[in-house]
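To start, the structure under review is shown below, and the notes come after it.
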Amino acid sequence: MRMPTPARRRHFLSFALISSVALLLTSCGSGPDEPSAGGAGAAAARIPTTDVVSGVHEDPAAARLLPAGVRSLTIAYSVGGTPPGTTYLGDGKTLVGQDVDFAEAVAKVLGIRLDTQEAGFEAILPALGSGKYDLGAGNFGVTDERRRTIDFVTYINDGQGFAARKDSELGKVTELRQLCGLNIATGAGTTFEATLEKSRHVCADAGEKAYKVQTYAESGALWSSLQQGRSDVVMSTINGLRYAVAQQPGLKFLNEFHRLDVGFAFKKGTKLAPAFRAAVNRLIADGTYRKILDKWGTTGSAIKESRISPPELKG
């Protein structure tokens with residue numbers, strides 16, 4: 001499905017601005033946050049900066065769960081796009097985002113220091129096993145496939161959704177067969193790509209033209225593909241898409257498709273998980289957790305308690 005020529009002309013300038021700013025933002029980082037939606041100048045100007053972390057105190061009971069001698073850990077963030085994912089303030093140096101707030105709050109509860117690194121989304125999980133990073137944060141959805149090689153400590157519930165241009169004929173997507181014949185833009189190495197590739201056969205099974213999966217390492221290029229008519233729909237995080245639609249003209253959120261728990265990622269068999277779970281649960285109990293969600297507008301992603309590598313949510 002393609003936009004009629006007049007409509008494409010009407011939206012070109014606004015989307016060109018959106019995409020150009022997104023490219024500037026993501027060029028500072030190394031990839032999308034599974035992926036973060038957006039990149040509008042307006043969105044960049046509205047990054048919330050409320051301090052919800054500095055008042056967090058160490059919890060000795062949680063800290064005692066850490067392996068002996070642990071005083072600092074190396075964390076890798078997937079950076080790029082717009083909030084609630086990890087991005088930069090206007091100085092081009094200060095990292096902000098929901099994952100950053102959660103990680104820093106947990107570090108305060110445990111009384112440890114975080115050595116911050118940046119990496120492409122698709123590179124973080126493989127690097128955990130080698131010990132390059134102690135943990136990763138990038139809206140990593142907990143799937144049964146990932147649990148084979150990665151341990152997770154959950155802190156929110158997000159998942160998969162769809163967005164398109166406002167003039168798109170697409171409505172609620174309840175099954176991937178509705179996307180047959182369309183071009184779908186998504187992030188490289190994400191659960192979205194895996195879901196689309198796994199179900200690619202549904203179109204052939206129905207005797208219809210297959211959909212095409214277009215993957216991007218930067219959110220600016222992803223949204224540019226939509227602006228230029230090379231893609232018809234974007235599959236990304238529920239929270240990221242809702243943010244993009246709220247901040248940018250010419251977009252519409254179609255629907256949630258599949259919910260997933262999201263967690264800090266560790267190498268399989270890590271001894272850090274119990275301490276991180278206790279820290280997240282402490283934040284939930286003392287109200288800091290709710291403050292972080294309120295700050296980033298993601299209260300619909302709240303969980304009641306943190307868990308270690310729970311089974312993938314179905315349905």
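Nothing in this text is a laboratory measurement; each read-out follows from the coordinates by a stated rule. All figures in this text were calculated on a predicted structure; none of them were measured in a lab. Cβ: placed from backbone, ideal geometry, glycine included. Neighbour counts: every protein chain shown.
Excluding residues on the same chain fewer than 8 positions from K252, give the lysines whose Cα lies under 18 Å from its Cα.
The reachable lysines, counting only those whose Cα sits under 18 Å from K252, are K166, K172.
Using Cα pairs under 8 angstrom and six or more residues apart, how large is the relative contact order of the stretch 254-315, in percent?
The normalised contact order for the stretch 254-315 reaches 48 percent.
Report relative contact order for the stretch 106-245 in percent, whole number only (criteria: Cα-Cα under 8 Å, sequence separation at least 6).
28
Figure the gain on full extension for A61 and K268 (residue separation times 0.36 nm, minus the Cα-Cα span) and round it to one decimal in nm.
Once the chain is fully extended between A61 and K268, it gains 72.1 nm.
If you average the sequence gap of Cα pairs under 8 Å that are 6 or more apart and divide by the length of the stretch 200-315, what percent do you get for the contact order?
Relative contact order of the stretch 200-315: 19 percent.
Within the set K108/K271; K132/K271; K267/K291; K108/K291; K93/K291, which residue pairs have Cα atoms separated by over 21 Å?
Checking Cα-Cα distances, K267/K291; K93/K291 exceed 21 Å.
Quick check on packing: order 62-71, 148-157, 207-216, 189-198 by the mean number of other C-beta atoms within 10 Å, highest mean leading.
Per-residue mean Cβ counts within 10 Å order the peptides as 148-157, 189-198, 207-216, 62-71.
Whole Å is fine, so just give me how far the alpha carbon centre of the stretch 170-187 lies from that of the stretch 60-108.
Rounded to whole Å, the Cα centres lie 34 Å apart.
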